[in-house]
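All remarks here apply to the structure that follows.
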Amino acid sequence: MNSKKDYVSRPSSVKVAPIVNNDKLPKSQKTDRTRQLKNVEQAEKQNAKKVVRHNLEILDTNVPINNWKVMRDLIKAGNTVVLPITLIKELDKLKNIDRTRREAMKALREIDRLQTEGNPFLIIESGMLFTRMNLDKTNPDHQIIATLNYVAYYASHPGGKYAGYDAIKMITDDYTVKILAREVNQKTKVVIEPYLNNRVKIADKDLDIPIFHVSKDDIIRMGNDFVFLVQGNLKDVPDGSPMIGYSDKNFKDCGEFCAIRQDDKFILLSENIHAFGVSSLSLKVNHRVQINWGQIIALHYLLDPKISCVFMHGATGSGKTLLALAAGMELKRQGLYPKIVVYRIPESAYGDTSPALPGDVGQKIAPWTEPILQALIKLLKLNRMDTEEARPESDSPLDSYSSGKKQKKAKNGANTENGNAKGGSKISNGKTPLPQRTSALKVFVDELFEKNKVEIKVLDYVRGITLDDAFIIVDDSQNLNKKNIKDVITRAGKNAKIVFTGDLNQIDNKYIDKESSGLSHAFIKMKELSFVGIVSLPVTVRSQLAAAADKLL
């Protein structure tokens with residue numbers, strides 16, 4: 001080694017003298033030289049820790065919609081973030097849609113902040129390459145894939161403006177974009193993946209009610225309850241969570257009883273629990289009556305005053321909405337809550353346009369109130385309560401918006417063509433509705449909701465309010481993202497109970513999937529809270545035909 005020219009490999013900021021043979025140095029200089037080499041070694045180790053793999057991260061629109069902090073987080077991790085110009089344009093459109101306005105505005109503000117700071121690791125790319133797979137130049141998803149192609153092309157050529165990065169990644173939760181992006185970039189080293197920090201792993205076992213063997217000798221009477229102690233595998237069940245038990249091995253698959261853990265014991269639930277005339281609906285399976293343990297557990301959570309939040313996940317026709325409304329009516333009858341507030345989320349709220357129906361917010365959401373109306377009428381009939389009069393000829397609120405139909409007179413005899421019928425719509429955004437044309441059916445629906453203290457509201461207007469003294473139902477909540485779920489729960493005030501119903505297999509929101517749904521996040525992150533009840537209803541009870549279709553089709 002030439003002592004005059006060769007230097008120790010080191011960070012550029014660390015200066016060291018040329019390497020010489022320590023044996024030829026005096027003792028005092030040997031010590032200084034040894035200390036100097038140790039300092040260089042330590043500096044190299046510290047510098048190595050700071051070095052991270054530097055990737056190009058190309059984002060799809062759904063990623064910042066679900067987490068507006070994603071750009072800064074990726075940059076802090078040592079990556080360069082590329083935003084297709086189409087993403088900016090889509091965010092601009094989404095800020096005009098109620099369901100996505102808040103998330104889109106936050107994402108745009110964050111992008112503006114990064115630009116204002118002069119952050120060199122944020123790139124807005126307008127270049128596109130459509131030469132592969134006959135991509136449609138007018139399709140926003142295809143435009144984003146074309147931007148990926150453009151970046152991949154200039155990353156694969158030495159001296160290209162995107163050359164030198166460790167990897168190129170496309171971050172998206174859109175299945176169409178994933179499929180096309182993989183197909184287009186088969187010959188390039190492009191990684192297609194979701195944004196993992198915004199997802200939770202949720203398996204069927206996370207939703208199923210566990211089944212355990214419990215000896216009859218372990219079940220004892222304690223006051224008015226039958227209980228058994230937490231021991232063995234039962235310790236895996238979180239406090240406040242349910243289980244299904246059996247003593248006879250012949251009932252290993254369907255169970256003989258169900259119980260809820262409370263501290264160091266399980267308390268058996270009564271099969272006779274009911275709310276406002278509704279009890280669990282048992283089914284006959286293989287010539288044996290199978291008790292619907294999920295509905296029993298759901299009713300327990302819904303009626304228990306110590307449970308302030310309930311999540312019900314269930315298949316089509318499993319009774320989620322009816323059970324929730326029945327519990328609300330029962331607790332209202334007992335005087336625990338003065339009103340029931342139902343939030344419905346129309347599927348079209350996740351599209352690119354608002355529902356194509358005339359009128360104010362109340363009129364636009366009216367078609368999606370039909371499940372609540374049907375459930376309420378069924379409950380009133382079960383309890384033989386007066387519904388004012390027989391339901392009008394039409395069987396759907398949609399008929400009140402059909403063009404060309406003759407307007408009928410309302411029950412009070414007012415001329416509804418002039419908008420003079422009594423009673424304002426309970427389906428509102430909190431503002432006084434303007435006079436509008438009203439059919440006999442609409443008057444019937446409004447009066448039915450008003451008399452029974454049931455309000456139908458739009459989730460978009462939940463921000464900034466406090467929900468006190470109310471039994472709150474959020475229907476079809478599988479379509480909400482993590483932020484939406486948080487927004488609703490944090491609105492809960494004094495004497496409020498919130499019930500979420502949903503089915504993760506029926507997600508209509510194109511910006512989320514099963515692993516990024518707010519409902520999934522709630523299941524995983526809130527399951528161990530003793531004041532939160534989570535239950536799955538896997539059995540369709542609507543009819544034998546519906547059950548068969550749900551299972552086979």
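Where a number appears in this text, it was derived from the coordinates with a stated rule and is not lab data. Bear in mind the structure is a predicted one, so any value in this text is a computation, not a measurement. No Cβ is skipped: glycine too gets one built from the backbone with ideal geometry, and neighbour counts run over all protein chains shown.
Descriptive notes on the structure:
- Three-way shape call for the stretch 55-198 based on the alpha-carbon gyration tensor, with the a/c threshold at 1.5: oblate
- Taking a point 7 Å from the Cα of residue 188 along the Cα-to-Cβ direction, the residues of the stretch 136-165 with backbone N closer than 14 Å to it are 143-158, 160-165.
- One equal scatterer on each Cα of the stretch 204-301, no solvent, Debye formula: the resulting log10 I(q)/I(0) at q = 0.17, 0.18, 0.23 Å⁻¹ is -0.78, -0.87, -1.37.
- Each listed q (0.11, 0.12, 0.20, 0.23 Å⁻¹) maps to a log10 I(q)/I(0) for the stretch 131-262 from the Debye sum over equal C-alpha point scatterers, namely -0.60, -0.63, -1.14, -1.34.
- Look at the dipole of the stretch 130-276 built from charges on Cβ: of 150, 197, 229, the Cα furthest out on the positive end belongs to 150.
- Each Lys or Arg adds one and each Asp or Glu takes one away; over the other residues whose Cβ falls under 11 Å from the Cβ of residue 189, this sums to +1.
- Measuring against 32 Å, Cα to Cα, the residue pairs 95/306; 187/483; 320/510; 265/381; 201/451; 201/497 contain 95/306; 187/483; 265/381; 201/451 as the ones spanning a longer distance.
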